[in-house]
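Visitor: Next up is a structure, given as structure tokens.
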Amino acid sequence: MNTCIFCKIIEGKAPAKIVYESDQVVAFHDIHPKAPVHILIVPRKHIPRIADLEPEDHGIMGEVIGAAKAVAEQFGVGDGFRLVVNNGAIAGQSVFHIHFHLLAGRCLGWPPG
Ligand code: 5GP
Ligand code: ZN
């Protein structure tokens, strides 16, 4: 049984505020936003981590980046946003279904913590 929360959201079996959907990508508001705009952009395909990508998945990840651009424009932040992917627990990953965090709407410090 698939217990992945993001798979459940993608399948409509768990609630989320979805802001974008395409054949290969879904985007929805983070439940605990870390910025005025904090959207998670995920491939429909369950891939746990960037480190698990196969060459056949590279096209999907291109779609994810394209979706990020579309979501940024949708929220009026196309000129200033950050995309973050945490890979592995040591880097802060807590949901093991690849997702890009799109963060915007405040000053974003560099380097990140
Ligand atoms: P990670 O720590 O894996 O990089 O990011 C996981 C993100 O998913 C966190 O920012 C967390 O707030 C968010 N999150 C965890 N569970 C849910 C959920 O059920 N719904 C939504 N919308 N976001 C979630
Ligand atoms: Zn999943």
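Read-outs throughout are calculated quantities, based only on the coordinates presented, and are distinct from any laboratory measurement. Because the structure is predicted, anything quoted here is derived from the model rather than measured. So basically every Cβ, Gly included, is an ideal-geometry build from the backbone, and we count neighbours across all protein chains shown.
Visitor: Given Cβ point charges of +1 (Lys, Arg) and -1 (Asp, Glu) and nothing else, what value in debye, to the nearest 20, does the dipole of region 52-104 about its Cα centre take? Walk me through the numbers on the way to the answer.
Guide: On the way: 2 positive and 7 negative charges, 60 e Å.
In debye, rounded to 20, region 52-104 gives about 280.
Visitor: Among Ile41, Leu83, Ile31, whose Cα lies farthest out toward the positive end of the dipole of the chain, if unit charges sit on the beta carbon of Lys, Arg (+1) and Asp, Glu (-1)?
Guide: The listed residue farthest towards the positive side: Ile31.
Visitor: Please list the non-local residues whose amide H lies under 5 Å from the amide H of Val25, H modeled 1.01 Å from N, same-chain partners needing a gap of 5 or more.
Guide: The answer is Arg44.
Visitor: Next question. For Asn2, what is the net charge nearby, where nearby means another residue's Cβ is under 15 Å from its Cβ and Lys, Arg count +1, Asp, Glu -1?
Guide: Numbers: positive: Lys8, Lys13, Arg44, Lys45; negative: Glu11.
Combined, the nearby Lys, Arg, Asp and Glu give +3.
Visitor: Then there's this: Pull out a ≥ b ≥ c, the square roots of the eigenvalues of the alpha-carbon gyration tensor of region 30-113, then state rounded if a/c is under 1.5, prolate if not and a/b is larger than b/c, and oblate in the remaining case. Intermediate results must be reported in sequence, preceding the final value.
Guide: Working: a/c = 2.03, a/b = 1.33, b/c = 1.53.
Since a/c reaches 1.5 but b/c is at least a/b, the shape of region 30-113 is classed as oblate.
Visitor: Suppose R0 equals 25 Å; then what is the FRET efficiency for Ile18 and Asn87 from their Cβ-Cβ distance, rounded to the nearest 0.05?
Guide: On the way: r = 24 Å, r/R0 = 0.97.
Given R0 = 25 Å and the Cβ-Cβ separation, E is 0.55.
Visitor: Compute the long axis of helix 58-74 from its Cα atoms, compare it with the longest principal axis of the Cα atoms of the chain, and write down the angle in degrees, 0 to 90, nearest 10.
Guide: 40 degrees
Visitor: For a quick check of your reading of the filter: which GluC sites (Glu not before Pro) in region 10-58 sit in a DSSP loop and have no more than 12 other Cβ atoms within 10 Å? Spell out each step's value before the answer.
Guide: Values: sites: Glu11, Glu21, Glu56; in loops: Glu11.
Qualifying residues, ordered by number: Glu11.
Visitor: Given a Förster distance of 41 angstrom, what is the FRET efficiency for Trp110 paired with Glu11, based on the Cβ-Cβ distance and rounded to 0.05? It would help to have the intermediate numbers written out before the result.
Guide: Numbers: r = 36 Å, r/R0 = 0.89.
Calculated transfer efficiency: 0.65.
Visitor: If you put +1 on each Lys and Arg Cβ and -1 on each Asp and Glu Cβ, how big is the dipole of region 5-104 around its Cα centre, in Debye rounded to 20?
Guide: Details: 9 positive and 11 negative charges, 79 e Å.
For this selection, approximately 380 debye.
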